[in-house]
Amino acid sequence: MEKFLSKTRHQDFYFPHLSGFVTPSGEVFVTDPLKLILKRTMDLTISLGLVFFVVWWLFPIIALGIKLSSPGPVIFTQKRNGKDNKVFHCYKFRTMANLKEKTFKQAVLNDPRVTIFGKFLRKTSLDELPQIFNVILGDMSLIGPRPHALPMNVHFSKEITNYQFRHNVKPGITGLAQAKGYRGEINDFFDIEHRVRLDHFYIRNWSMLLDLKIIFWTIQSFVTSSKKAY
């Protein structure tokens, strides 16, 4: 992974005994239990609805397409950092040839590892659909900062001041950054820096209305632009 140009940013401070966050200006962002209950209720309601109406018939079709395109498992699991930086297994439909690579390498444009059917899954973001079960299990939320693979997480935390602030909420299947077009390959420092800024904005300004807007913006983004989905 290429070295990114570091930038200095103001630090936010996390105090567990306050159950929230304190900025240098003294502003406190306290976790509201009621908001967490509302968010979890929305996660379960939408996720279970998708399982009941969509997943039961769509999963077998996708599984068949994956099996016909290349040998190997249908589901790909990868360790990622979640809330409080705890590691969990993130589920995805396998989109690459079943190569036993020892080192992590993010997908790039025209990546030869991606299968023909895998290109379709990545283009439509259907490869992320199994993360519905991560949401049901409580590892993820429908909306939140996208979780990164462990090597990327370590690298970015060294390059971006207060990068770890994004791990004080559950990661999401989609987030504000993805809804605004920041998805797919990370090419340079400014690409990840803009994503982190939007993640931090989301954490500080969360509301049910914002989550609903992000769902709408995400769908709109998929329909109008898929240049970075590869």
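The values are calculated or read from the model by the stated rules, or taken from the named source; none is laboratory data. Since the model is a prediction, treat every value here as computed from it, not as a measurement. FYI the Cβ positions are ideal-geometry reconstructions off the backbone, even for glycines, and counts take in every protein chain you see.
Key figures
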item	result
Complete set of residues in segment 132-152 that are part of a helix (DSSP H, G or I), touching a strand residue (DSSP E or B) at 6+ places or on another chain (Cβ under 8 Å) and either within 20 Å of SER207 (Cβ to Cβ) or of a type in the set (Val, Ile, Thr) (or both)	ILE132, VAL135
Selection status of LEU44, touching a residue at least 40 places away in the same chain (Cβ under 8 Å), among the aliphatic types (A, V, I, L, M), farther than 19 Å from SER141 by Cα and not in a strand (DSSP E or B)	no
Segment 108-122 - residue that is touching a residue at least 40 places away in the same chain (Cβ under 8 Å) and not in a helix (DSSP H, G or I) and, of those, surrounded by the most Cβ atoms within 10 Å (Cβ to Cβ)	THR115
Residues of segment 80-117 satisfying the condition of being modelled with pLDDT under 80 and out of contact with any strand residue (DSSP E or B) (no Cβ under 7 Å at 6 or more places or on another chain)	ASN98, LEU99, LYS100, GLU101, LYS102, THR103, LYS105, GLN106, VAL108, LEU109, ASN110
Number of positions in segment 149-200 that are more than 19 Å from SER221 (Cβ to Cβ) and not hydrophobic (A, V, I, L, M, F, W, C)	17
Count of residues meeting criterion [among the small types (Gly, Ala, Ser) and in a helix (DSSP H, G or I)] in segment 153-201	3
Residue in segment 158-170 that is closer than 16 Å to SER47 by Cβ and buried (at least 22 other Cβ atoms within 10 Å of the Cβ) present	yes
